[in-house]
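Student: Please read through the structure below; I'll follow up with questions.
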Amino acid sequence: MTAISGIWCPALNKDVRALCAQSLAAQKIYGPDKTGQDDWGSISMGRNLKSILPEDRYDNQPLTGGEGRFLLVADIRLDNRTVLAEELGVQQARLATLCDSALLLVAFEKWGESAINRLRGDFAFAVWDAKNEKLILARDHAGTRPLYYYQGSDFIAFASMPKGIFSLTGISKTVDLELVEQSIIHAHQGGERSFFKDIKRLRPNHYAVITRDGCKQHCYWNPPSGQLRLKDHREYVEAVKEQFDRAVAARLRGTNRVAAHLSAGLDSSAVATSAARQLAATSGQVSAYTAVPSTGYLDDSSAASLRIIDEGVYAAQAAALYPNIDHHLVQTDQTSLLADLDRMTLLQDMPTLNLCNARWIWGISDLAKKDGHTVFLHGQMGNMTFSYDGGHLLAELLHSRKFLTIIKYISSMKKQGYINPFSQLRAAMINNLPPKLQRDLRHLIRGEAFLTGSKEMRSKKQTRSSVRIPNRTEAMMWQFDRVELGAMLKAQLGGWGLDYRDPTCDRDLVDLCFSIPTEQYVHDGVPRSIARGMLQDRLPSEMVKERKKGLQAPDWHVQFVKNRQEIAQELEILSDFDLLKNRVDIQRFQNAMKTLPESGWNEPETVTEYRSVILRTISMGDFIRRVSGSNR
């Protein structure tokens, strides 16, 4: 992985080389192995390298191509090197000595901007086109590599992370408070805005063209929708299984010993076991890590009967099927919920949105680093691809007015033991309504306790729970765009030296899964039927059939109670912090801290009030204070 930087000053009134060097120095934590920089008159570009891939030893960026027309820097892992090489006429002997950025340059020389849509893998890159005097920035479809830019009155700056831009003199480090509001109430955070007012992010699945006249971002890909027709359900399962294994294989590149998350769910377990099966051929090893509650923990909430509290049981059963999986149970009950907030702000240049889950993720990363790993597999986007539950089917059928099919589907769900499929039908009906009406109806049905700001803010925000997207393709694109995943993954690189890779968001896998008709994901009324089918011979049968989901960090409240004085002190500080006044109801939180529940900590209302709202607000407040230079 790499951190890239660049400065373009058309007026030639700045020392672009010195400015680019400052930006690279600020991002050294993400690329400690080698720094390179090149200057072409009004522009300077460079990169810091973290060597992980075998071909990284040939990486000498920045690269020049097109007979002096192009200057390129890239943070990239190409998963279709062989296919690209064949299309470009690059011989195998030459390919063996080309780093991924060099192959990208060959592609750009031949196809220009249309090369972007041919790439598969994780990437963020910049190309200076001297002939047309324009700067092109591009980012992979899922946003796994970050890229930010700043447009000043007389220069343009870009960097992998905002800290690379803020290192430059004269750029104000001001928080975008509107985006903070959206984050506190779980609203959509997509678009060009970052958590900093003057810094724009390049959106996932977009490329930007910057000229003297301005900047415009372009979307370059949309997944297909329900076009593939195969003979029967089994053929769909086999097609997904084959592509899934190819996606995992691509992300094993450069290592024979990989770390992986392993939960009781289908996503991470599918990734870990596929990796184990493929690495077994080369005596490779998988270190699988499972977050579990503290020893002896018991949950007295209603959630205990609806969710898997200890995911270590199923995870251990799955790991036991593979001799080359080294399984680790990870407890984080001794770690303060507020620990390392300053470190994470430094690493990811954004707030920590879920402190409870962050604790176990950081704990696992600590162990993976200690065990000497550099590549970490996870399955964050699985529920939108291979393990999709078909949740949009009723909304799609309603939209198409296929009422007989709806009756058939509800009947099959009842036969499978779903007690009240009509609740899904009600939800589907609401999902097809205009956003404002959706929001009003959901508020009437159950209220929205996490809407904690002013009435004006509540009325204009569309939150994650108050508005649902009835179209599966639009929902996935929203998921890619709504949170800055790339910055979080870059923090793992900078803090732990871990290259996080997600096979479940593989571009070709996404294309395949979205070409499959939605009804195949609920075959015979069974949600996630494709994932269950492809994992029958890979996981314990009880695990494949399990309908409950794991409850992440179920013992979060143990540390919450232990840290209650520290949390109360943070709220007291925030109550006097001008930038948060009139945006969150601090007084309400302070009152809630005086009457902590004695039990039922994982009841939905309690989780919303204490875990989702109070902790997220503290994280946001801490971020704003640090960015604004407040001394508390």
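Student: Within segment 84-106, track down each residue that is open to solvent by 50 Å² or more (accessible area, probe 1.4 Å), touching a residue at least 12 places away in the same chain (Cβ under 8 Å) and in a helix (DSSP H, G or I).
Tutor: Hit for segment 84-106 is GLU87, nothing else.
Student: Just to be sure, is ALA11 open to solvent by 20 Å² or more (accessible area, probe 1.4 Å), of a type in the set (Gly, Ala, Ser) and not in a loop (DSSP other than H, G, I, E, B)?
Tutor: So ALA11 fails the test.
Student: SER42: open to solvent by 10 Å² or more (accessible area, probe 1.4 Å) and either without any contact (Cβ under 8 Å) to a residue 24 or more places away in the chain or at positive phi (or both), yes or no?
Tutor: When the stated conditions are applied, SER42 does not pass them.
Residue-by-condition table, conditions (1) over 21 Å from the mean Cα position of the chain (by Cα); (2) at pLDDT 90 or above; (3) open to solvent by 10 Å² or more (accessible area, probe 1.4 Å); (4) among the basic types (Lys, Arg):
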| site | (1), (2), (3), (4) |
| --- | --- |
| ARG145 | no, yes, no, yes |
| GLY152 | yes, yes, yes, no |
| PHE155 | yes, yes, yes, no |
| LEU179 | no, no, no, no |
| PHE195 | no, yes, yes, no |
| ASP198 | yes, yes, yes, no |
| CYS219 | no, yes, yes, no |
| SER225 | yes, no, yes, no |
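Student: Another question, if that's okay. For segment 538-560, state whether one or more residues are hydrophobic (A, V, I, L, M, F, W, C), closer than 27 Å to ASN80 by Cβ, touching a helix residue (DSSP H, G or I) at 6+ places or on another chain (Cβ under 7 Å) and modelled with pLDDT of 95 or more.
Tutor: no
Student: Scan LEU321, LEU404 and give me the residue that is open to solvent by 60 Å² or more (accessible area, probe 1.4 Å), without any contact (Cβ under 8 Å) to a residue 12 or more places away in the chain and of a type in the set (A, V, I, L, M, F, W, C).
Tutor: Selected residue: LEU404, the only one of LEU321, LEU404 that is open to solvent by 60 Å² or more (accessible area, probe 1.4 Å), without any contact (Cβ under 8 Å) to a residue 12 or more places away in the chain and of a type in the set (A, V, I, L, M, F, W, C).
Student: Can I ask one more? Which is of a type in the set (D, E, K, R) and under 19 Å from GLY621 (Cα atoms), of LYS173, LYS216, LYS134?
Tutor: Going through LYS173, LYS216, LYS134 in turn, the sole match is LYS173.
Student: Quick one: what pairs do we get from segment 201-221, first residue of a type outside the set (A, V, I, L, M), second open to solvent by 50 Å² or more (accessible area, probe 1.4 Å) and not in a loop (DSSP other than H, G, I, E, B), C-beta under 6 Å, 6+ apart or different chains?
Tutor: Note: pairs meeting the criteria are ASN205/CYS219; HIS206/CYS219; TYR207/HIS218; TYR220/ASN117; TRP221/ASN117.
Student: Is there any pair with a first residue in segment 107-136 that is more than 12 Å from ILE76 (Cα to Cα) and open to solvent by 10 Å² or more (accessible area, probe 1.4 Å) and a second that is part of a loop (DSSP other than H, G, I, E, B) and hydrophobic (A, V, I, L, M, F, W, C) whose Cβ atoms are under 8 Å apart and which are 6 or more apart or on different chains, and what are they?
Tutor: ASN117/TRP221
To keep it simple, each residue is scored yes or no on (1) modelled with pLDDT of 90 or more; (2) farther than 30 Å from THR174 by Cβ; (3) crowded, with 22+ Cβ neighbours inside 10 Å; (4) more than 24 Å from the chain's Cα centre (by Cα).
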position	(1), (2), (3), (4)
ARG277	yes, yes, no, yes
THR282	yes, yes, no, yes
SER301	no, yes, no, yes
VAL330	yes, yes, no, no
ALA339	no, no, no, no
ASN354	no, no, no, no
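Student: Right, next: Take segment 227-244 and flag every residue that is of a type in the set (S, T, N, Q) and loosely packed, with under 15 Cβ neighbours inside 10 Å.
Tutor: If the condition is that a residue be of a type in the set (S, T, N, Q) and loosely packed, with under 15 Cβ neighbours inside 10 Å, then GLN227 is the only one that fits.
Student: Taking the options SER294, SER305, name whichever one is over 22 Å from the mean Cα position of the chain (by Cα), of a type in the set (S, T, N, Q) and not in a helix (DSSP H, G or I).
Tutor: SER294
Student: Also: Evaluate the following for ALA264: is it in a loop (DSSP other than H, G, I, E, B) and either small (Gly, Ala, Ser) or under 17 Å from GLN536 (Cα atoms) (or both)?
Tutor: yes
Student: Give segment 534-573 a look and list any residue that's in a loop (DSSP other than H, G, I, E, B), open to solvent by 20 Å² or more (accessible area, probe 1.4 Å) and among the acidic types (Asp, Glu), or say none.
Tutor: Scanning segment 534-573 gives ASP537, GLU546.
Student: Right, another one. State all residues of segment 54-83 that are touching a helix residue (DSSP H, G or I) at 6+ places or on another chain (Cβ under 6 Å) and over 27 Å from MET161 (Cβ atoms); if no residue qualifies, say none.
Tutor: If the condition is that a residue be touching a helix residue (DSSP H, G or I) at 6+ places or on another chain (Cβ under 6 Å) and over 27 Å from MET161 (Cβ atoms), then GLY66 is the only one that fits.
The values are calculated or read from the model by the stated rules, or taken from the named source; none is laboratory data. Being a predicted model, the structure only gives us computed values, none of them experimental. In this analysis, Cβ positions are derived from the backbone assuming ideal geometry, glycine residues included, and neighbour counts consider all displayed protein chains. Areas reflect the complete protein model, heavy atoms only, side chains present, ligands, DNA and RNA absent. Shrake-Rupley method; radii C 1.70, N 1.55, O 1.52, S 1.80 Å.
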